[in-house]
1. Which of (1) closer than 24 Å to Val215 by Cα; (2) buried (at least 24 other Cβ atoms within 10 Å of the Cβ) does Val35 not meet, given it meets every other one?
2. Of the residues that make up region 214-223, is at least one among the hydrophobic types (A, V, I, L, M, F, W, C), within 15 Å of the ligand (Cβ to nearest atom) and either part of a helix (DSSP H, G or I) or buried (at least 21 other Cβ atoms within 10 Å of the Cβ) (or both)?
3. Tell me, yes or no, whether region 408-416 has at least one residue that is in a strand (DSSP E or B) and small (Gly, Ala, Ser).
4. With the requirement that a residue be of a type in the set (Asp, Glu), part of a loop (DSSP other than H, G, I, E, B) and either within 13 Å of the ligand (Cβ to nearest atom) or in contact with an Asp or Glu (Cβ under 9 Å, 6 or more places away or on another chain) (or both), what does region 159-210 give you?
5. Can you tell me which of (1) buried (at least 20 other Cβ atoms within 10 Å of the Cβ); (2) under 25 Å from Leu194 (Cα atoms); (3) polar (S, T, N, Q) is the one Thr356 doesn't meet?
6. What are the residues in region 225-238 that are more than 16 Å from the ligand (Cβ to nearest atom) and surrounded by fewer than 20 Cβ atoms within 10 Å (Cβ to Cβ), if any?
7. Which residues, taken from region 55-76, are surrounded by 23 or more Cβ atoms within 10 Å (Cβ to Cβ) and at positive phi?
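Bear in mind that the values in this text are calculations on the coordinates, not laboratory data. Note that the structure is a prediction, hence the values are computed from the model and not measured. Here the Cβ positions follow ideal geometry from the backbone for every residue, glycine too, while neighbour counts run over all protein chains shown.
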Amino acid sequence: MNKTLFQFFHWYYSPEGDLWNHAKDMAPGLAALGVTDVWLPPAYKSADGVHEPGYAVYDLYDLGEFNQKGTVRTRYGTKAEYIECIRVIKEQGMGVIADIVLNHKMGGDEKEKVPVQNVNDDNRLEVISEQHTVEAHTKFTFPGRKGKYSKFKWDWHCFTGICEDGTISAIINEYGHGSWEPLLEQENGNFDYLMGDDIEFRNPLVREELKQWGVWYVETTGVTGFRLDAVKHISPAFFPEWLDHLRNHFKHDFFTIGEYWRDHSGPLLDYQEATGHRIQLFDVPLHFNFYRASLEGRDYDMRSIFDNSLVRDNPFEAITFVDNHDTQPLQSLESTVDYWFKPHAYAIIMLREAGTPCVFYPAVFEAKYTDHRNGEEIYIELNKIPVVEPMIKMRRDLCYGIQGEYFDDPNIVGWTKQGEDDKLYSGLAVLLSNADDGDKWMGMGRKNAGRQLYDICGGRPELVTLDENGEGRFFVNAGSVSVWVDNRYHID
Ligand code: CA
């Protein structure tokens, strides 16, 4: 069965603590649609309590169990609710992907005197101060947890850098002596530091603690896979060691996706090579192609939609997506694919052979929220994309067999899937237009001769009957998507 991931949250999901219960309640419906794996947001206690989505990690061992940062539960519920949610999702035959945030920690409990040197924000390799001592919140003792599960206390030897009053400082510890950890790219000189207290993976005690935590986390929760946050900012040496430890302990692999935010496949391929192909990556360049195509309208050449994408260059290790919690309106990496083009983008990720698609929560459940841009309060409505649920089903039922490519026109492109004999009604033909209405002669293979197809999206009234070669003329409306499926296949 084709794999389909579902990102079950967005940045502004309610802080009222009901997400774990909501995901549990929706699990049977998602499984019936054809979702195979559910990605849940960070489950551990945030430095901001319930007031941010979970990426400001405070205590990895507090899954909504201890009174810390002003709350027992997390933004999404209690530990018991989280574990029950995972149990129900798995009971429905789906996997659960945990969001793993190990680049940094925030909300330290105590101040320490820390030896540092300041660096240039734009070139972190350039030191712009003498070595000096500052007082910083780099001591994590987790007083609310009182040593349960782990007695490890973090201090400044566990971190490479901090940021105080907008100035980034490298910590002069015994592992790097003020240097950042080596990365594959030279963005900002060295982009090890992203936010908070940046974790020092050269410290063997840190690596050991995180491995023990990983075992505890999997045993406690039963998750089946990981989404690794901010891997661009973490030494590529770390996650192979961490993942191998878990594989050796549990005697099986974990489905693993990394978030490496770069608009070109080259650095993504380099990272996958450096980490021994243990980690699939989100296809960020494809997202940006969708984004640009949605802004440029008919001026965008649809034949270039896969340019520089990971799904083109490494289809078996590419997780394709249209939008996520960082690209949604008013967020840090805002680059939201315009609404008119979302059906096109979802057709491309859901109904083709290459890549594993990840559906974003608002596409099925919508989202409404307010936040600020340049001091002005803005109300956002992300409407449901009506074709997405049918596409999840069609991916499960129909998207099989040999693929025929018709990316031969700047404004109207299409493809076909011939189907497989053992999958009832399988096979389909898709046409996308970013300009005028039109048609295209496409083939589904001789075995489909005489087959009748209709546009399940409802835009076109014709019935297409394939000729003796399994070919036919398919139609699409202006700026629209048509998906032609067997006349006998219907979605309730
Ligand atoms: Ca880092």
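1. (1)
2. Checked region 214-223: no residue is among the hydrophobic types (A, V, I, L, M, F, W, C), within 15 Å of the ligand (Cβ to nearest atom) and either part of a helix (DSSP H, G or I) or buried (at least 21 other Cβ atoms within 10 Å of the Cβ) (or both).
3. Pass one, region 408-416, residues in a strand (DSSP E or B): 412-416.
Now narrow it down to the ones that are small (Gly, Ala, Ser): 414.
Yes.
4. Quick first cut of region 159-210, residues of a type in the set (Asp, Glu) only: 164-165, 174, 181, 185, 187, 192, 197-198, 200, 208-209.
Those still in the list that are part of a loop (DSSP other than H, G, I, E, B) too: 165, 174, 181, 185, 187, 192, 200.
Within region 159-210, Glu181, Glu185, Glu187, Asp192, Glu200 meet the criteria.
5. Checking Thr356 against (1) buried (at least 20 other Cβ atoms within 10 Å of the Cβ); (2) under 25 Å from Leu194 (Cα atoms); (3) polar (S, T, N, Q), the one that fails is (2).
6. Gly225
7. Residue satisfying the conditions is Gly64 alone.
So that you can scan it fast, the table gives a plain yes or no per residue for (1) touching a helix residue (DSSP H, G or I) at 6+ places or on another chain (Cβ under 7 Å); (2) under 26 Å from Gly214 (Cβ atoms):
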position: His245; (1), (2): yes, yes
position: Phe254; (1), (2): yes, yes
position: Asp263; (1), (2): yes, no
position: Gly266; (1), (2): no, no
position: Gln272; (1), (2): yes, yes
position: Leu281; (1), (2): yes, yes
position: Pro285; (1), (2): yes, no
position: Tyr291; (1), (2): no, no
position: Ser294; (1), (2): yes, no
